[in-house]
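Every read-out reported here was derived from the displayed coordinates using simple, explicitly stated rules and does not represent laboratory data. All values reported here derive from a predicted model rather than from experimental measurement. Cβ placement follows ideal geometry from the backbone for every residue including glycine, while neighbour counts extend to all protein chains displayed.
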């Protein structure tokens with residue numbers, strides 16, 4: 001446990017001391033929250049478009065923010081791998097499980113803090129706009145986003161392990177764009193329908209956003225199918241990331 | 001018991017043999033230098049001894065523990081300062097030292113005691129609260145070695161510790177290394193002849209993955225008929241090259 005704690009503290013500090021992490025993980029999603037609320041105000045009610053209404057926006061922005069955390073997990077892993085820092089740690093009594101837990105735990109904590117801030121900001125927006133957001137629903141949304149947190153951390157760990165310092169961030173940018181677009185954060189995927197909606201349903205991002213939205217609306221029956229699909233993806237990807245990291249560590253020591 | 005022993009230690013990467021049937025022994029408390037040009041196999045040898053790379057064949061042990069089958073035991077006994085400065089850039093000097101203490105599971109009292117010791121040894125007071133990324137190359141090297149030493153290893157591997165440092169920073173590091181002589185076993189790889197000459201008890205000259213010559217400086221001078229380590233090194237490298245082409 002000491003090894004995991006020491007390495008987790010290091011990784012936590014490594015991310016929070018990077019000013020870019022505040023800009024991308026907090027600043028950008030919060031700015032988008034405000035902008036999209038203003039866009040929502042400009043949409044006439046007769047258009048019947050509620051995608052940017054705060055009760056829908058909160059969950060979407062929370063998932064959008066998590067995609068940037070994926071980027072920072074990825075950057076931390078690739079930076080450690082490209083330098084000699086991991087070499088030093090490989091020569092200590094640390095085992096692969098200590099490394100994996102040391103990367104996952106602090107970023108999961110950061111993710112929860114990030115979601116909490118996003119939801120608090122959404123609550124403030126809801127008070128200003130007069131659209132009711134239930135605090136219990138928001139707490140449920142926080143819980144419903146746990147599989148999405150695990151999913152995004154696994155993507156970060158996986159890309160950071162498999163790709164170089166130059167290639168990995170580019171790949172993360174693709175996932176960020178895909179997740180926000182195919183997650184239905186910026187458009188109503190269900191109303192759009194067709195092949196696009198079929199693709200959204202196959203991928204985990206839309207389900208993650210939908211679960212958070214259902215939780216916000218306290219719709220438990222609607223929540224669980226999406227939560228289960230996101231959780232299944234999270235389990236598959238975290239397992240893959242762990243296996244790949246262990247294999248890569250073994251290969252590095254060949 | 002030797003601090004380090006290798007028997008026919010070999011490392012191959014596909015068709016390239018990085019280390020070939022290396023037979024070495026290093027005594028406890030000895031400062032042993034591995035000298036050689038780039039690609040001679042020095043770092044690969046250190047990586048195998050530090051359990052960072054598996055030998056293709058042969059054996060190597062540290063303090064009697066086999067590096068392959070008893071790597072957990074070996075890792076408890078060694079410290080390594082890799083070729084590149086291996087520090088956490090966004091942590092302060094103090095936090096970097098605490099990180100290593102945490103990994104080795106030291107108590108807060110023990111951690112504090114060890115940090116004080118390292119701070120004194122490397123004169124780290126003035127940079128203790130500076131982030132590693134803001135440090136000069138010399139300070140980073142000092143921190144890197146302090147991180148390797150803080151766990152009080154029995155064997156310390158220093159892989160080109162003064163590479164890229166200015167003459168003053170290098171001399172300062174030499175003083176620290178000299179102060180450790182006799183207390184722990186050290187394996188030093190370097191390109192700098194004067195460094196090996198100044199610091200080492202024994203020197204192994206590695207060429208193409210093999211030890212071309214081994215001994216104290218006077219012994220190497222006697223073997224080669226040259227004076228000064230640079231001349232000895234050039235003569236041995238030339239003779240080795242000639243021998244290889246004759247074959």
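Using 1/(1 + (r/R0)^6) with R0 = 25 angstrom and r between the beta carbons of residue B:230 and residue B:178, what's the FRET efficiency to the nearest 0.05? Working from the Cβ atoms, E equals 0.75.
The spacing between region B:66-88 and region B:174-203, judged by their C-alpha centroids, is 19 Å. The equivalent ellipsoid that matches the C-alpha gyration tensor of region B:1-97 spans semi-axes of 24, 18, 13 angstrom, in descending order.
With contacts defined as alpha carbon pairs under 8 Å and 6 or more residues apart, what's the relative contact order of region B:136-247 in percent?
18
Rounded to the nearest 10 degrees, the inclination of helix B:93-103 to the longest alpha-carbon principal axis of chain B is 80 degrees. Taken residue by residue and averaged, Cβ atoms of other chains lying within 10 Å of the Cβ of B:101-108 number 5. In chain A, Cα pairs under 8 Å separated by at least six residues give a relative contact order of 27 percent. Evaluate the Debye formula for the protein assembly as shown with equal point scatterers sitting on the alpha carbons, no solvent, and hand back log10 of I(q)/I(0) at q = 0.13 Å⁻¹, in q order, two decimals. Log-scaled intensity ratios, in q order: -1.13. Residue by residue along B:47-54, Cβ atoms of other protein chains within 10 Å of the local Cβ number 3 on average. Our analysis of chain B gives Rg over Rh at 0.98, with the two radii drawn from alpha carbon positions and Rh computed by the Kirkwood formula.
Taken as Cα centroids, region A:204-232 and region A:48-117 sit 21 Å apart, rounded to the nearest whole angstrom.
Here the Kirkwood formula, the inverse mean of 1/r across different C-alpha pairs, assigns region A:173-254 a hydrodynamic radius of 14.2 Å. Shielding of peptide A:94-103 by partners, expressed as the average count of other chain Cβ atoms within 10 Å per residue Cβ, is 1.
Once divided by 2.2 N^0.38 Å, the Cα radius of gyration of region B:103-247 becomes 1.27.
Against the main long axis of the alpha-carbon atoms of chain A, helix A:28-42 sits at an angle near 10°. Ordering of B:1-10, B:26-35, B:44-53 by packing is B:44-53, B:26-35, B:1-10, highest average first (other Cβ atoms within 10 Å, averaged per residue). Expressed as a fraction of 2.2 N^0.38 Å, the value expected for a compact globular protein of N residues, the C-alpha radius of gyration of region B:99-184 is 1.08.
P(r) tail for region B:46-130, what percent of Cα pairs lie past 15 Å?
More than 15 Å apart: 66 percent of the Cα pairs in region B:46-130.
For region A:51-166, the Kirkwood hydrodynamic radius from C-alpha pairs, put into Stokes-Einstein at 20 °C and a viscosity of 1.002 mPa s, yields a diffusion coefficient of 137 µm² per second. Where both bridge residues fall in the protein assembly as shown, DSSP classifies roughly 50% of the beta bridges as antiparallel. Sorted on the mean count of surrounding Cβ atoms within 10 Å across their residues, most packed first, peptides A:28-37, A:203-212 read A:203-212, A:28-37. Provide the percentage of antiparallel DSSP beta bridges, counting only those with both residues in region B:107-247; round to the nearest 5. Among the beta bridges of region B:107-247, antiparallel pairing accounts for roughly 45 percent. All Cα-Cα separations within chain A were binned at 10 Å from zero, giving a P(r) of 7, 31, 34, 19, 7, 2, 0, each value a whole percent of the pairs.
Extents of region A:206-254, largest first, come to 52, 13, 13 Å (Cα atoms, principal axes, whole angstrom). Sorting A:185-196, A:146-157 by average packing, meaning the other beta carbons within 10 Å per residue, from highest down gives A:146-157, A:185-196. Antiparallel beta bridges, as assigned by DSSP with both residues in chain B, represent about 50 percent of the total such bridges. Diffusion coefficient (Stokes-Einstein, Kirkwood radius over C-alpha pairs, 20 °C, 1.002 mPa s) for region B:148-201: 186 µm²/s, rounded to a whole number.
Normalised Debye scattering of region A:65-110 at q = 0.16, 0.19 Å⁻¹ gives log10 I(q)/I(0) of -0.47, -0.64, counting only Cα atoms as equal scatterers and leaving out solvent. Could you work out how far helix B:108-122 tilts from the main Cα principal axis of chain B, as a 0 to 90 degree angle to the nearest 10? For helix B:108-122, the angle is close to 60 degrees.
Full extension of the chain between residue B:38 and residue B:72 gives 9.2 nm of extra length, using 0.36 nm per residue less the Cα-Cα distance.
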